[in-house]
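In what follows, a single structure is set out as structure tokens and then discussed.
Where a number appears in this text, it was derived from the coordinates with a stated rule and is not lab data. What you see is a predicted model, and the numbers here were worked out from it, not measured in a lab. Note that each Cβ is placed from the backbone with ideal geometry, even for glycine, and that neighbours are counted across all protein chains shown.
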Amino acid sequence: MNKKGFTFIELMAVVVILGILAMYVMPKIFGRVDEAKVTAAKIQIKSFEQALKLFYLDNSFYPSTEQGLEALVEKPTTGRIPEKWREGGYLEKNTVPVDPWGHPYVYLSPGTNGEDYEIISYGKDGQEGGTGYDADISSSEIDSASGNQTTQ
């Protein structure tokens, strides 16, 4: 009788080998997740900046803090009303995305450093301040040429 197939020991050896590979590879993959989220937040902030510039070109002012980033997807009904607001809004999907950690972006106009506006993600912890992946990511600190945060 010639039976073909794998024995239980052969299957267990494969499972053990796959487990060892997973222990080696998974930390390397998951160690990059937060790094990728920081990059995604910077890209989203740059996208907001482009939409705000279009809003400004149409209306000669930036939305107020109270109007927030929602003014990019829905014509404001309070504060200074934009007369030439673009039908369909200024963001592609007609919604204001949350940051990569699921927290809403903070929009200030004027910004804290004297800019016309500032867009902030509070990072992984969703709290103001912090270090590492919990650090704030602000439009005022992202270098426009490279998308990197400047050091001050």
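Do we find a residue being closer than 15 Å to K37 by Cα and among the polar types (S, T, N, Q) anywhere in the range 53-63?
Checked the range 53-63: no residue is closer than 15 Å to K37 by Cα and among the polar types (S, T, N, Q).
Could you check the range 98-124 and list, in sequence order, the residues that are surrounded by 16 or more Cβ atoms within 10 Å (Cβ to Cβ), part of a loop (DSSP other than H, G, I, E, B) and not polar (S, T, N, Q)?
D99, P100, W101, H103, Y105, G111, Y117, Y122, G123, K124
Do we find a residue being among the basic types (K, R) and surrounded by 12 or more Cβ atoms within 10 Å (Cβ to Cβ) anywhere in the range 68-75?
Within the range 68-75, one or more residues are among the basic types (K, R) and surrounded by 12 or more Cβ atoms within 10 Å (Cβ to Cβ).
Please go through the range 70-97 and pick out each residue that is within 21 Å of K42 (Cα to Cα), without any contact (Cβ under 8 Å) to a residue 40 or more places away in the chain and part of a loop (DSSP other than H, G, I, E, B).
Those that are within 21 Å of K42 (Cα to Cα), without any contact (Cβ under 8 Å) to a residue 40 or more places away in the chain and part of a loop (DSSP other than H, G, I, E, B): V73, Y90, E92, K93, N94, T95, V96.
Which condition breaks for D136 when tested against (1) without any contact (Cβ under 8 Å) to a residue 24 or more places away in the chain; (2) charged (D, E, K, R); (3) surrounded by fewer than 15 Cβ atoms within 10 Å (Cβ to Cβ)?
(3)
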